[in-house]
Amino acid sequence: MRGVLKLGKVFGISIVVHWTFLFILFWVAFLEIQRGGNMESVLFNIAYVLVIFICVVLHELGHGLMAKRFGIKTKKITLLPIGGVASLDEIPENPRQELMVAIAGPMVNLIIAGILYFSIPVHGLLRLHIVELLQELSKLNLGNFLFYLFLANSALVVFNLIPAFPMDGGRVLRALLAMRTDRVKATQIAAGIGQSIAIVFLLLGMLFNPFLVLIALFIFIGAYGENKMVQQSELLRGHIVKEAMLTDINLLHPEDTMEKVVELILSGTEKDFVVVNAGKPVGILKNDDIIKNSKNRTLEVRTIMKTSFKEIYGHTPLKEVLRSVEVHKEYFFPVVNHNGVLLGAIDMANINEFVLLQSKLEY
């Protein structure tokens, strides 16, 4: 993946850092220098941020290792300026399993906070007068570093347990509700609560802190997306790829030129194409690649087609295609039979149309 630094693997899970993560380090250094800090205080704050993100990695590992107990793989953990993201192959539909996976992350931070609480005199610091406390915490020493780390992990527990998607608290709430009702209704209720919280954050952010506005948007969009995904998944239950795949499609051969591709684009509605040889897919020609190379009309398809792609079998449940879209971040797949012979293609546009038709039939 472009724009990431791979740090290695822990328990078989890749740890990667997105390049934008560097911004937070520069920002912390800039703020400290701006308030008159020296090199020692700058390094202190940078070290503090780095250790917090180690705690974030441990948080995400908690999710990943708990998911592993239920046979769900975690491909990687990505560190971003806003936190960490564990890329699970799927979210368990069993409410008890989802509850355990969701709660595992905050529990890691709670354990870290508990260890720090009993390792440093937190209760002693909290008994100090506010002026004395501020004077004590202004010192750059290990005790204060650990106290700040205690506060950070406590905050991570509280923040992540906000009952709103995509935070862990939203999944905990959905899991608890799903133990008493169906998953779709549980998601609708949890998403509604999450969006209500987002509106409160938005209003508070407009009055006091613009950062809360970003959190509000993050929560609102996450809740909407989760609700929509679960509804789509439910409508696709029991249906297979053959029911929704595209069959009336134009096929390309490796020797075809961009001249032919451009003609197909202009004369029809297709944007992506399957490249075949002897009836079997050998490549995918994506719309982005077509646009980039459209000037060179003599260029052969073989030189720009993607030869690394995922094939979908005709009998595959449509729910699994949605999962493939989430995991592989691809939206166009050739559909084949058990011999690898092309049957058609499927993309998110067609799946969305199928979902729309199913919703009209069911309601």
Report, ordered by chain and residue number, the lysines lying within cross-link reach of LYS76, taken as a straight Cα distance under 22 Å and ignoring same-chain residues fewer than 8 apart.
LYS6, LYS9, LYS68, LYS310, LYS329
Probe 1.4 Å - accessible area at MET348, Å² to nearest ten
40
Once both label points are put 7 Å beyond Cα along the C-beta direction, the LEU356-GLU243 separation in nm becomes 1.9
List the lysines whose Cα sits under 22 Å from the Cα of LYS260, skipping any in the same chain fewer than 8 residues away.
LYS271, LYS280, LYS286, LYS292, LYS295, LYS306
Quote to one decimal, in nm, the extra length available between ASP288 and ARG323 on full extension: 0.36 nm per residue of separation minus the C-alpha distance between them.
10.3 nm
In whole percents, the bins of 5 Å from zero upward hold the Cα-Cα pairs of region 1-60 as 4, 16, 22, 21, 16, 11, 7, 3, 1
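Based on DSSP H runs of at least 4 residues, each adding -39500 (n - 2.57), what is the mean residue ellipticity at 222 nm of the chain after dividing by all its residues, to the nearest 500 deg cm²/dmol?
Values: 14 runs with 211 residues, N = 363.
The helix-only estimate for the chain comes to -19000 deg cm²/dmol at 222 nm.
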Given labels modelled 7 Å from the Cα in the Cβ direction, how far is it in nm from LEU142 to ASN38?
2.1
All other residues with a Cβ under 11 Å from the Cβ of LEU342 taken together, and with Lys, Arg as +1 and Asp, Glu as -1, what is their net charge?
0
Taking Cα atoms of the chain, Rg/Rh with Kirkwood Rh, to two decimals?
1.06
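The values are calculated or read from the model by the stated rules, or taken from the named source; none is laboratory data. All of these numbers come straight from a predicted model, not from anything done at the bench. Virtual Cβ from ideal backbone geometry, glycine too; neighbours counted across all protein chains shown. Note: areas computed on protein heavy atoms with side chains; ligands, DNA, RNA excluded. Shrake-Rupley method; radii C 1.70, N 1.55, O 1.52, S 1.80 Å.
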